[in-house]
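The values are calculated or read from the model by the stated rules, or taken from the named source; none is laboratory data. Here the structure is a predicted model, which means the values were calculated and not measured. Please note: Cβ atoms are built from the backbone with ideal geometry, for glycine as well, and neighbour counts cover all protein chains shown.
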């Protein structure tokens, strides 16, 4: 509700919202004897009879926050992490990287994509794929190791 007010008894100010008058009163800008009159009324009364001294106007309502973005996993329940393609591709490359001789060409990307897939999973846990990424890393490393051993064995056999 809005009020007219006068601090000196001669100059009438307003109309002013009650919240603003309450703030001025609590901050010492108005005395508790300041006379106020509601808009549409003819009765003047001390502001202290309208508001309690020291009270503050009700705070404005908090701004509405946007609704949260729904974070859902994949439709397969995480069995196939199609939202984490690095982990998924690293997984398949790691498995096929175990094939003798040509597997080395697949093992290195499996290792790299497995690491990237783990980083993506850490950034957004909803996408799943940590197990697929680890399989890509482990199988990629195993394939690289045994291909290196095969290369060493072939080179030493020639001498």
Which residues, taken from region 32-47, are out of contact with any helix residue (DSSP H, G or I) (no Cβ under 8 Å at 6 or more places or on another chain) and not in a strand (DSSP E or B)? 39, 40, 41, 42, 43, 44
If I filter region 39-69 down to residues being surrounded by fewer than 11 Cβ atoms within 10 Å (Cβ to Cβ) and closer than 16 Å to residue 19 by Cβ, which single residue comes out as modelled with the lowest pLDDT? 54
Kindly indicate whether any position in region 70-84 is within 34 Å of the chain's Cα centre (by Cα), over 18 Å from residue 121 (Cβ atoms) and at pLDDT below 65. yes
Could you count how many residues in region 104-142 are crowded, with 19+ Cβ neighbours inside 10 Å and more than 23 Å from residue 80 (Cα to Cα)? 0
